[in-house]
Structures are given as C-alpha cells and as structure tokens.
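First up is the structure itself, then whatever we jot down about it.
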Protein chains: 2
Amino acid sequence: MTDFLEKQLNALHASVHRYPLGKEPGTDLQLPDIIIANYPEEYDQNKKTILIYGHYDVQPPGDGWTTDPWILTEKEGKLYARGSTDDKGPLLAWLNALEAYQLSNVDVPVNLVFCFEGMEESGSTGFAAFASSPDNRGIFKHVDAACISDNYWLTTRKPCLTYGLRGINYFNLTVEHPGVQLHSGMFGGCVYEPMTDLILLLSKLVDSKGHILIPGINELVESLTEDEVKEYATIEFTTQDFQKTIGSEANIYEDPKDTLMHRFRYPSLTIHGISGADSSPDQTTAIYPKVTAKFSIRTVPSMDQKSVTDLTIQYLEQEFRKLGSKNACSVKLFGESAPYWLGSSDDANFRAGKAATQRVYKTEPDLTREGGSIGVTLDLQNALGDRSIMLLPVGMSDDGAHGPNEKLNKDNYIEGSKLLGAYWYYFANPQS
Amino acid sequence: MTDFLEKQLNALHASVHRYPLGKEPGTDLQLPDIIIANYPEEYDQNKKTILIYGHYDVQPPGDGWTTDPWILTEKEGKLYARGSTDDKGPLLAWLNALEAYQLSNVDVPVNLVFCFEGMEESGSTGFAAFASSPDNRGIFKHVDAACISDNYWLTTRKPCLTYGLRGINYFNLTVEHPGVQLHSGMFGGCVYEPMTDLILLLSKLVDSKGHILIPGINELVESLTEDEVKEYATIEFTTQDFQKTIGSEANIYEDPKDTLMHRFRYPSLTIHGISGADSSPDQTTAIYPKVTAKFSIRTVPSMDQKSVTDLTIQYLEQEFRKLGSKNACSVKLFGESAPYWLGSSDDANFRAGKAATQRVYKTEPDLTREGGSIGVTLDLQNALGDRSIMLLPVGMSDDGAHGPNEKLNKDNYIEGSKLLGAYWYYFANPQS
C-alpha cells in the first residue's frame, strides 16, 4: 500500500518522504511508514498551506460480507469493500481532487502537505511520537490549517463539518481478597465476596438513564449556551435516524436534540465488562478471589482528565469504605486516556469547509461533534498549536465502517472529491 | 476401575451386578456402570440392611502437584494421590472393613448393599434415573438405612457426622436490547445500556455482608431453636480454622458459631459471573446488546424451591420496572436446582455413627451440615423415602479434595476403616 501511494503521489508531482516508525513495542513487527507528501514539490510562499490527514490501513474484514471485501464491488450506486469509507475512499478522494486540478490545468491554490499513516485502526501507534518529535517540526512549520476526512455525516441526508470530539478516561476497578477461589456452597454467606462488592460499587457509578453519579463530575461540564441551543436546532437529525442506527428503540431521549447533546457535549459512563469471574455460560459455583471491572468515562469541555480521574478514584474508595468489607479495593486509570478536543467552528478553515459544502451540495453543512475519540486529532493539534483542524467527512452515517459490507456511496465519492478540492479553493480565496 | 472393583468385591464374596447407564446425553460417550454389590450373596432376613454409597471416579489432576497424582505416595503420614480422600480412599475403607471382619472370622452383623458410581465428579449423570427407576426398586427394598462417606471433618481435630446439606437455586438474569453492539463513544449517554441495568439489578440482590435483599426470602428460613444453639456450642471450630481454609481474613463473622450457622442453616447468594460483556483484560469500548449474569441461592429449611424461584423472579422483574429502562429483562432458573436436605441426626443410623466414633476416636463426633449440595444424597433419599441417610466422613478439612496434592492421612484411613466397620456393628447392636 505504501508503494502504491508513493507511486500515485509521484505521478501527481508531489515529493514523497517516508518516515519509518521502527518496530511495534514488544514485538518484532515493523510498523508501516508514515508518508508525507508535499505539493507542489517546492513550497510556494505566496500560498497558504493545508495539511491533509488520512490513513491507508483498514480493519480486518470479519464475517458477514455478501461480496469479497478485498474487491471493490459496485452495486446500486454503492461501492462495497473494506476501507471504502474508512479511510481509503476519502484518502483517494484527496488525490482525485489534486488530479482534477491538474487535468483542468488549474493551479492548486494552496500548498498541500499530505500526511498518511498506516496504524490508525490499531491506535495510531507511533503517530504521537512522530508528530511531537523536534526532528519533524519542519513538516508542520508552514501549515496554516489541517483537515481530516475520517468520520461520517450525522445522517444520510446532509453533509457536516465536525469541530469536537469527546475524550476518554478508562478505569480498572478491582476487588479482591488474598485468599483462594472458594466453593459457594461451603463458603457463601460466611465471607466477603469480591464480586458482590464489585457489583455494589459499579451500581454507584451511573443510573439507567446514563446520568453519572460520581459527585463533582457533572459540575465540570460547560453550561449550555443559547447559541449552542440554536445550533442544535439547525441540525437535521431525527429519532428515527437514531433508532435506525442503534437497531432498537432503546434511545433515552425522545427529543433528537437531547440525543445529540448527550453524544456531543455531555459525558457518559459505560461499564464494558468484568474479568476474573466466570464469563462462560456454564453452571459454575465458585466465589472468585479477584475480580476487575473496566469502565470508561467520555469527557467533554471543560472536564480535565486529572479532575475526572481524581474524583472517580476518590469516590469509589469512599463508597468502598462505606461497605465495611474486609476485601481490598483498587481503582486505576487503565491504558491510554485522551482529552476531549474542541476546535473553533467559525474560523477560516471551517468557513472554507462551509463554502465548499454550499458550492457542491447546495446546503449548509451540519456542524457536529463526535462522541468518540480520534487520537490523531489531538496529536496533530499538539503539533499545530492553535492552528485550526477541521474534520470534513466524505461518507455517510450508514456506511458501516468496521462492520461487514462497508460501503461508500458512489455519489459521496464523486461529490466528496469535488468537496475536498473546493475546500482548498475557498481556503485560498475566503468569501467575504 | 470397574473391573478392579468387581474383582475386589468378588474376592470378598459379594455378588456384583453392573448397571449400564447408556451414553452421555448428546454424546457418543459410554457412561461408566453403577456397581451394586450385595453381601452376603444371599439376603439374610435376620439382619438389618445398610446401603453404602461411594464413587470411584475422580477429578482431573490439574496443576501444582509435588508428587505423581496417579501414584499413591506416602510422606510424613500422609497418602498423596488424586482420589485419596475423594473418594477412592473412603470407598476402599469400606472394603477394608469387610475384609477385616472376614479375616477375623467375625460374622458381618448386617446385610450390605454397596452402591458405587463413576460419574459423581460430573454431576452424577444417570444416577437419579437409576435410583428412581421402578426396575431398580429391588435394590433398595430391604435397605434400613444408608451411609455416604464422601465429605470431610469440619476441622483437622475431630470426626463428624453430617445430617444436612444446603440446596441450590441457580438463576440466569439477562438484560438486552434488540439492537447491535454499539460504540460507547458514539452512543454512550444516548441509549439504555444493558450492562448498566444488569449491574443495577444485581446490586439489589445481596449486600456486602451476604444478607439477601430479596423480600420474603429470609422469612422462609426456619427460626433458630435453643437446642440448635446448644448444638453449635459443642462443635469444635475456631475462626482461625476458618481463616486457614479460606486463605484470608475475609470472614464476615467474628464468632465461629455464626460462621457455622451461615454455612449450615442460613441461605446465601453468590454472583458467579457475567457473559456477553467483555471479560478480557483489554481496553475495549463497546456497549454490549445482551448481557447475562448467573447467580445462585443456597437454600435451607424451609425454603421450598418454588417459593425461592417465584420470589426472586418477581422481585427482579419489579426492580427492573422501577428502572424505567427500554431494555428487556428476563430471569430464569438455570440448569439443575437441588432442594436442601435435612436428615434426622438422632435416629438409629446416627446413634450407630456416634457409638462407632466414640469407640474408635474416644470422642463425641461433631454434628455438622454442609453448605454445598451432594446430589446423590437427594437421589438416594427419594429412593429410600423416610429411611435414614447419614454422611460419615473419613477425611479431614485440609485434605484438599479437587486441588493439587490431595491427600488422606494414613491415620484417617486406618481409623476410618475401623470406624466404618464399627458403624455396621453398632447399627446391628444399638446401645441402650
């Protein structure tokens, strides 16, 4: 894939540099190179510069495909293949835009810095180090704004620009006693059972309606402003859209604006599972000595990671003491946390995105945030400081990234290529 | 093993009958025969008849042995081998007792019906059908009392007779929504999460101190009588004994009598695990559409199975309705339940056991119950109606049945063989 990309970029007269990332930590596996390509080959100081991020790796295919996931198959206006929408399609759309300028003999009005990585689906291993390395400062030096095309429209009806992401604090909660696995017949009722304590603690975290019960957490959340409320009113999104996506009617909020707010700008807490107990469907009867639950909190402005961590640990330790149990309890941050990201939706970058959307789709784009985290956004933001990043998706909400039968509508691919090219134009030529 | 036993029993002049059990349901595996052996070969109507239960199958060895689990190894007065105490040792002790009578030219004072099975460690598959079959009524016809030697002293200091077992009601609690697995970033806070509801329901079942919170359950438990309290006072059992067994200081009760009561005569509830969520230690971020918890309630007199089931299901359904969730919830009895068993500890059978213990060990045995279930006890009780069953253990609390380095003290084996033989004598010759 790297060779293919290098060839394509060279054919488009970009100068290509490969950045090897070394081996994956703890393994002998060579990480795929990050590809940086500059267009034009020589930096033109009379033009602004845009950094384009995309990734050329894809998810494993998984089961359930009705076509060969490795052969792009067009059916009824849809392009089926693994990576069609996430993220090979959008990546190629950027190259199509560049090719279109060249075939039309129109000068590309900006300097372009393409930044394509191959580890996005595995947590972008190596990318943060790459982006923050002093050796690589030159890559970002002239960049005025960045654009990532690696997410989706909110619905199937209207394009969007995305200016925010929730962060994530991921926790492990362990309850244990130093003893052995016990038979529930011989010892049930006589010992403090770690699983009982764990369940009681977990039940203190969140209620059925998703309201976080950890004191102080909700107070960290920025108040809703009138301007925001107005913005939500303009987003085209219905409860039917949402129910179709989740495959059930288990939505908490009747008003789709509330659903969006709870995805975009309010925190959430999910319990993902418990290890150390018996997760088999068999009829077993043990009391397990050490059980660990994992849960995550999605964070939003202005929840700083440390406060969330401190409040959560402090609360659970306090609730554990209330139990009066003789077991031991520990709460720890687990794996990588990521802060929320919030861009400005009203700067030159986003104004260019809006103008391009108007031009291609004849409509105002929805201004959205995403509920999940996209790690590279933060890595790029760190490298770029206060320079703007915009998420400008090509695909739709029903593309099924990561699942079987991933697709990109042919229309989205064609109009999306136009959109990305138009975005360059309007960034170079701001509308009054 | 069956051939070996048949040979041994024939050598002791017993008449041996094998009862084939057919194939294990759903497999092509032949179940091992139940062996019934009568001694003397001809029923002597002038003698009472005792049925002896034992099992010749053992647990898999597992890891952690310091000797070969399949070679009986004597070290410092202990006989190490898989099955030494559970249950090959006690089974052979019965045969030793018979041999001793014969070598001493003393007439065995009772008719014996040996009943040895080979599926005990796998839930005694086939035994209930065998014991309840009208075809096999003849086996049990003349039996006056039965004795099972397949449990352990309460401590390492004093023999015991066991007259009760807790029952078990095993439940599955499922919460689900009909949709798909969701990304917690995109959907956390917007949908009713099955795992949250499941945790909230589980937290309503039992508190940290093991007190069952299902209304009506504790009211089914027989009140503690003064006679019982006196009995507990005679049992030699310390908190140190208990802590040594559980390998920690996570005992709920300071008074060892309370510990015993909660093992013998009070119910307990254990949550064994959750399936359908992520039980791996990895950092995953899904909301799972269907999660199932399994928990069991150990039952005691007079908690009838149906009331326990009805109260539990009714309560959980009611608590689920209180949540106001749009998920679906179901509670079901799972696998095989077993009622509690309570024998009479003061009948001719137990008096014979007490007299034999006095004779061999020069002490009154502890009168105990077990916290777990031993399924065959109930199967035999069903076959025998109101005829008495006694559990008369040979091994000690620290024998480590099911674990690595299972052992039977040589002393227990020798004195135990005497005990079992003496029990026959005192059953035939009750003391005034």
Cut-off under 12 Å on the C-alpha distance; same-chain residues fewer than 8 positions from B:Lys322 excluded. Which aspartates and glutamates are left, in chain and number order?
A:Asp207, B:Asp197
Measuring from centroid to centroid over Cα atoms, what is the spacing of region B:296-342 and region B:202-271 in Å?
20 Å
With Cα springs under 10 Å, the Gaussian network model of chain B assigns the largest mean-square fluctuation among B:Gly126, B:Gly353, B:Gly276 to B:Gly276
Restricting to aspartates and glutamates and to Cα separations under 12 Å from A:Lys47, and discarding same-chain partners fewer than 8 apart, the set is A:Asp107, A:Asp144
With angles folded into 0 to 90 degrees, how steeply does helix B:88-103 sit against the dominant principal axis of chain B? Use alpha carbons for both and round to 10.
10 degrees
Any idea what the A:Asp3 label distances to the other copies are, label 7 Å down the Cα→Cβ vector, nm, shortest first?
6.5
Shortest-first distances to equivalent copies, position B:Asp386, nm, label 7 Å out along Cβ:
9.3
Considering only B:Leu419, B:Leu29, B:Leu378, give the residue with the highest GNM mean-square fluctuation for chain B, with springs between Cα atoms whenever their separation is below 10 Å.
B:Leu29
Label spacing, shortest first and in nm, from B:Gly22 to its equivalents in the remaining copies (7 angstrom along Cα→Cβ)
6.6
Please check which bits of region A:179-210 a label hung off B:Arg157 would reach, taking the label as a point 7 Å along Cα-to-C-beta and the cut-off as backbone N under 11 Å.
none
Quote the FRET efficiency, to the nearest 0.05, computed for A:Thr2 versus B:Asp282 with a Förster distance R0 of 30 Å and r equal to the Cβ-Cβ distance.
0.60
Along Cα→Cβ, 7 Å out, is where each label goes; now give me the distance between the ones at A:His13 and A:Gln243 in nm to one decimal.
5.5 nm
Inter-chain shielding of A:294-300 (mean C-beta neighbours from other protein chains, 10 Å cut-off)
4
As an exercise, use a Förster radius of 22 Å and the Cβ-Cβ distance of A:Asp255 and A:Glu364 to find the FRET efficiency, rounded to the nearest 0.05.
0.55
With r as the distance between the Cβ atoms of B:Gln30 and A:Lys322 and R0 = 51 Å, compute the FRET efficiency 1/(1 + (r/R0)^6) and round to 0.05.
0.35
Sort B:171-177, B:183-189 by the packing proxy (mean of other Cβ within 10 Å over each peptide's residues), most packed first.
B:183-189, B:171-177
When DSSP beta bridges are limited to those with both residues in chain B, what percentage is antiparallel, rounded to the nearest 5?
70 percent
If one computes the Cα centroid of region B:57-101 and of region A:371-395, what distance in Å separates the two points?
67 Å
Semi-axes, largest first, in whole Å: what does sqrt of 5 times each Cα gyration tensor eigenvalue give for chain A?
43, 24, 22
Using the alpha-carbon atoms, what tilt in degrees (0 to 90, nearest 10) does helix A:410-428 show relative to the longest principal axis of chain A?
70 degrees
Please report, for the Cα atoms of region B:28-80, the Rg to one decimal and the Dmax as a whole number; what are they, in angstrom?
18.2, 51
Shielding of B:282-292 by partners, i.e. mean partner chain Cβ atoms within 10 Å per residue?
5
Nearest 10 degrees, 0 to 90: helix B:2-11 Cα axis against chain B principal axis
20 degrees
For peptide A:172-179, compute the average count of partner chain beta-carbon atoms within 10 Å of each residue's beta-carbon.
3
For chain A, what does the helix formula give at 222 nm: sum of -39500 (n - 2.57) over DSSP H segments with n ≥ 4, over the residue count, nearest 500 deg cm²/dmol?
-9500 deg cm²/dmol
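If you count, for each residue, the other Cβ atoms within 10 Å and average over each peptide, how do A:153-160, A:43-50, B:246-253 line up from highest to lowest?
A:153-160, B:246-253, A:43-50
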On each of the three principal axes the extent of the alpha-carbon atoms of region A:189-229, given in whole Å and largest first, is 58, 18, 8
For region B:313-384 the trypsin sites (Lys or Arg not before Pro) that pass both the DSSP coil test and the at-most-14 other-Cβ-within-10 Å test are B:Lys362
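Using the Cα atoms as the points, what is the convex hull volume per residue of the protein assembly as shown in Å³?
193 Å³
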Mean Cβ count within 10 Å, highest first, over the residues of peptides B:3-10, A:219-226:
B:3-10, A:219-226
Express as a percent, rounded to the nearest 5, the fraction of DSSP beta bridges in the protein assembly as shown (both residues included) that run antiparallel.
70 percent
Just add up the charged neighbours of B:Asp144: K/R +1, D/E -1, any other residue whose Cβ is under 15 Å from the Cβ of B:Asp144.
+2
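No value in this document is a laboratory result; all are computed from the given coordinates. These numbers were taken from a predicted model, which means no experiment stands behind them. Neighbour counts run over all protein chains shown; Cβ positions are idealised from the backbone, glycine included.
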